Amino acid sequence: MNLFEMAQIPLHKAIEVMKLDPNAAAIIDCPERTLEVSIPVKMDDGTTKVFTGYRSQHSTIMGPAKGGIRYHQNVNMDEVKTLAFWMTCKCAVANLPYGGGKGGIIVDPSKLSTGELERLTRGYIDRIAPIIGEKMDIPAPDMNTNAQIMGWMMDEYSKLKGQYEPGFITGKPICIGGSLGRTAATGRGVMVAAGEAIKALGIKPEEATCAVQGFGNVGSWTAKLIHDLGVKIVALSDVYGAIMNEGGLDPYEVEKHVQATGSVVNFPGSKAITNAELLAMEVTVLAPCAMELQITKDNAADVKAKIIVEGANGPTTPEADEILDAKGILVVPDILANGGGVTVSYFEWVQCLYRYFWTEEEVIEKQTQLMIGAFKNVYDMAKKYNVNMRTAAYIVALNRLDEAMKFRGAY
C-alpha cells in the first residue's frame, strides 16, 4: 500500500459512515491534475544538472488549489499527491475558499549554494507557471523552503506575468506582501487545538503536561505557545535526539540552546531519552510535529498520552489509529490541528488581493476564532456520529465538498 492509498483509508471510513453519494466519492478519490517537470540548473562548477519537480492539484471544487512546496531528496509524486489530498480536506475542515495542492523538488538543498538554490527555484516556477496563479493555485513554504525562497518564486512569477504578483504565493517576507503572524501560525493552530482538547476533557492547563516531537518551525512554536498556555512541557526532540525533564522545560531557553549548538541535545538540566521513549511518555498531550508515519501498529500500544494533537502531516497510520481509539485516546487529526498555517496563508492572500494589511493582533484573533470554531464543528460531529475525531473531521470536509460539487453541477 502506498502513502496515497493509506491516506484514503480514513476518508473511505467517513464516506461509509455518512453514506456519501458514490458519485461525489468517486470525484474526491482522484486528484484533478498532477504535473512532473524537469528543471535544468547551471551549477557553480559550470556543469548542468537536471532536477525533477512536481505539482499536484487534488481539488479546485471550493476554490484555487492551495499548498506548500517542499525541497527534499525523498520527494516523489505519490507523496505530493497525498499531501495535496490532505490540503483539500484541511481547507474544507477550516471552511476556507480553497482546494488542495502540493509541490516539491527532489533535492537536498543543504548541498546547493545560495546561487544554485535560487536558479533551481526560479527554474521550477518557470516550468509550473502555466498551472499556478492567485486564482488558480497558490503555493507556500513547506519542508526546507522558507520566506526567501517564496520571495524568489514571487519575483520570477511576476517577471513572467509582467506585473507585480504578490497574491500568487504566501509565506513571503513581510516587506513584499507577507502577513504578520505567519511564522508562528501552524504552531499556534496546534496550540489552539491542544487547548480546546484539554478543555473538552475537563483538564486545567496548569495541571497538564506535554511532549513535543520535532523542534523545527512547527514543533518549536507549538512548544512555546503551549508553554504560554500554562501547560508544562516535559519532553522535546529533534533529528539528533530527545530530552526530558519531569519538572518542566522552558522551550524559549531550549530554542536559545538550539541556536547556539544546533540541537536540543545536552540542554542543561535535561535527561537524554530516545524518540521511542518520548512517544511513550505518560503525558496529557503528545504533539507529533516531525515527519509522517511516526505512530504505527508497532508502537501505538505504548502511547500513554490522553490527547494526541497532530502537528505533522500524517504522523499516525490507520492501524495505529485503531489501537489509539481502542485505548480511548483523543486524537486531534492533522487536517484539523495543523490547519493554522493554511488559515493564515489565506489571510495573507486576502491582504495581498486588497493591498491592505492587518496588525499581528488582528491576525492572531481571526486565526484563533476560526480554529476554535473548526474544533467545535469536528467535536460535535464526532458526538453526532459516535466516531473518533479523525473520521469526524473527514465528515465535516466531505459535507462541504459535496455541497459545493452539487451546486457546481459536478455530478
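The values are calculated or read from the model by the stated rules, or taken from the named source; none is laboratory data. Computed from a prediction, not measured in an experiment: that's the story for all the values here. Counting neighbours? That spans all protein chains shown, and the Cβs are built from the backbone with ideal geometry, glycine included. These area figures cover heavy atoms from the full protein model, side chains too; ligands, DNA and RNA do not enter into them. Shrake-Rupley method; radii C 1.70, N 1.55, O 1.52, S 1.80 Å.
Selection over the stretch 37-83 of residues that are among the aromatic types (Phe, Trp, Tyr) and crowded, with 24+ Cβ neighbours inside 10 Å gives a count of 2. The residues of the stretch 146-177 that are under 25 Å from GLU32 (Cα atoms) and out of contact with any helix residue (DSSP H, G or I) (no Cβ under 7 Å at 6 or more places or on another chain), listed by number, are MET150, LYS161. Go through the residues of the stretch 111-131 one by one and say whether even a single one is modelled with pLDDT under 95, open to solvent by 30 Å² or more (accessible area, probe 1.4 Å), in contact with a helix residue (DSSP H, G or I) (Cβ under 9 Å, 6 or more places away or on another chain) and not in a strand (DSSP E or B). No: the stretch 111-131 contains no residue that is modelled with pLDDT under 95, open to solvent by 30 Å² or more (accessible area, probe 1.4 Å), in contact with a helix residue (DSSP H, G or I) (Cβ under 9 Å, 6 or more places away or on another chain) and not in a strand (DSSP E or B). Taking the stretch 1-96 as the region of interest, the strands (runs of 3 or more DSSP E) fully inside it that hold 2 or more residues being free of Cβ contacts under 8 Å to residues at least 12 places away in the same chain are 48-59.
The set of residues in the stretch 324-358 that are closer than 23 Å to VAL283 by Cα, in a loop (DSSP other than H, G, I, E, B), under 21 Å from the mean Cα position of the chain (by Cα) and of a type outside the set (S, T, N, Q) contains only PRO333.
Summed over the stretch 279-302, the residues that are under 17 Å from ILE198 (Cβ atoms) and either surrounded by fewer than 20 Cβ atoms within 10 Å (Cβ to Cβ) or of a type in the set (Val, Ile, Thr) (or both) give a count of 4.
Can you name every residue in the stretch 162-186 that is farther than 24 Å from ALA65 by Cβ and part of a helix (DSSP H, G or I)?
If the condition is that a residue be farther than 24 Å from ALA65 by Cβ and part of a helix (DSSP H, G or I), then ILE174, CYS175 are the ones that fit.
Scanning the stretch 359-408 for residues that are in contact (Cβ under 8 Å) with a residue 12 or more places away in the chain and outside any helix (DSSP H, G or I), we see that the one that is surrounded by the fewest Cβ atoms within 10 Å (Cβ to Cβ) is THR359.
On the stretch given as the stretch 135-172, residues that are open to solvent by 20 Å² or more (accessible area, probe 1.4 Å), at pLDDT 95 or above and under 21 Å from the mean Cα position of the chain (by Cα) total 2. All conditions but one from (1) at pLDDT 95 or above; (2) closer than 27 Å to THR368 by Cβ; (3) surrounded by 19 or more Cβ atoms within 10 Å (Cβ to Cβ); (4) of a type outside the set (Val, Ile, Thr) apply to PRO97; the one that does not is (3).
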